[in-house]
Amino acid sequence: MKLATLRNGTRDGALVVVSRDLTRCTDASFLIPTLQAALDNWQRIAPHLAALAESLEVGAVPSVRFHEHEVHAPLPRAYQWADASAYVNHVELVRRSRGTEMPESFWSEPLMYQGGSDSFLGPRDPIPLADENWKLDFEGELAVIVDDVPLGASVEVARDAIRLLMLVNDVSLRGLATAELAKGFGFFNAKPSSAFSPVAVTPDELADAWDGGRIHLPLAVDLNGKPFGRANAGVDMVFDFPQIIAHAAKTRPLAAGSIIGSGTVSNKGDGGPGKPVSEGGVGYSCILEQHIVEKITHGASITGFMKPGDVVRIEMKDRNGHSVFGAIEQSVEGT
């Protein structure tokens with residue numbers, strides 16, 4: 001099933017069930033008011049939501065047109081947003097750009113940071129930018145929403161806790177990141193509010209594209225209407241979602257509704273850095289990677305970071321060309 005949160009003037013919005021083709025939705029508030037409430041009561045409420053979804057598909061319940069610009073993030077706020085770097089190719093390129101060595105442990109244990117989760121952006125909300133020198137970048141990612149995960153959960157327990165999947169734009173301010181990391185205490189100002197796809201979907205909606213830990217589909221990232229990235233999310237993902245979740249739960253339990261991100265989807269090239277889409281490659285899911293590859297291959301970076309008026313679109317389509325999660329489409333807005 002596909003779930004979304006309609007804006008209704010409240011902080012947490014109203015839960016709706018969305019049709020598989022993303023054209024219609026039906027109110028689910030008579031069952032449970034919000035997605036967080038549903039996650040808190042998943043075992044009891046999920047079968048009823050699934051039945052409502054099937055009724056929506058056959059036209060047996062009232063429905064209205066589903067508009068992606070009318071929704072919050074599926075969870076407008078969450079108890080936790082923890083983002084990994086499962087695509088080690090991305091980490092390797094970024095560290096190379098900073099002139100730092102790649103620790104061997106990065107191949108055996110996920111890298112992870114804890115982001116702000118109290119003010120997510122909706123999928124069509126503008127990205128505010130106060131200063132272009134902050135070097136605004138998008139990062140196309142995937143995320144899962146989990147049920148309660150106990151402290152010290154195994155990979156198998158973590159896999160069983162995955163309830164929903166989404167797309168992410170993990171907005172980054174590259175001009176602030178290096179100085180923050182140099183302080184030795186991680187990101188804060190460099191990671192403003194992230195945005196999520198219009199709908200969150202249960203794993204069965206992905207059919208055989210979901211193997212229990214990875215989604216084997218390309219992530220389409222467009223910048224100003226032109227293809228920028230087409231990396232396959234199932235390729236070069238060194239740590240799958242169950243491994244990332246288990247890592248996050250190593251020293252703490254995770255509450256139902258916690259969001260765990262994959263990090264920037266990134267594919268290696270054949271014998272070197274991947275090529276841009278314009279040169280026949282799969283491109284990149286963030287501007288920084290293209291920056292780095294340009295410097296490696298041409299001696300200088302050409303592509304600039306985002307500025308007011310620029311638009312990024314992030315979407316994933318199934319093997320029949322149908323949008324799975326709807327699209328994140330955001331313009332940059334000066335403040």
Calc'd 3J(HN,Hα), the range 129-143, phi into Karplus 6.51 cos²θ - 1.76 cosθ + 1.60 (θ = phi - 60°), Hz, glycine/Pro = x, comes to 9, 8, 8, 5, 5, 6, 6, 5, 10, 9, 9, x, 9, 10, 8
Ignoring everything except DSSP H segments at least 4 long, calculate the 222 nm mean residue ellipticity for the chain; use -39,500 (n - 2.57) per segment, divide by total residues, nearest 500. -6000 deg cm²/dmol
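Could you give the length gained on full extension between residue 207 and residue 64, defined as 0.36 nm per residue of separation minus the Cα-Cα distance, in nm?
Details: separation 143, 0.36 × 143 = 51.48 nm, distance 2.62 nm.
Using 0.36 nm per residue and subtracting the Cα-Cα distance, I get 48.9 nm.
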Report, in listed order, any pair from 226/317; 183/268; 2/275 with a Cα-Cα distance greater than 25 Å. 183/268; 2/275
Amide H contacts under 5 Å for residue 310, placed H, 5+ residues apart: 332
Tensor-based shape of the range 44-167 (alpha-carbon gyration tensor, a/c under 1.5 rounded, otherwise prolate or oblate): oblate
Obtain the nm distance between the two label points defined at residue 180 and residue 298 by a simple spin-label model: each point lies 7 Å from its Cα along the Cα-to-C-beta direction. 2.9
Nearest-0.05 FRET efficiency for residue 279 and residue 319 at R0 = 35 Å, using Cβ-Cβ distance, is 0.90
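A short reminder: the numbers here are calculations on the coordinates, not readings from a lab. Here the structure is a predicted model, which means the values were calculated and not measured. Because the Cβ atoms are built from the backbone with ideal geometry, glycine has one as well, and the counts that use them run over all protein chains shown.
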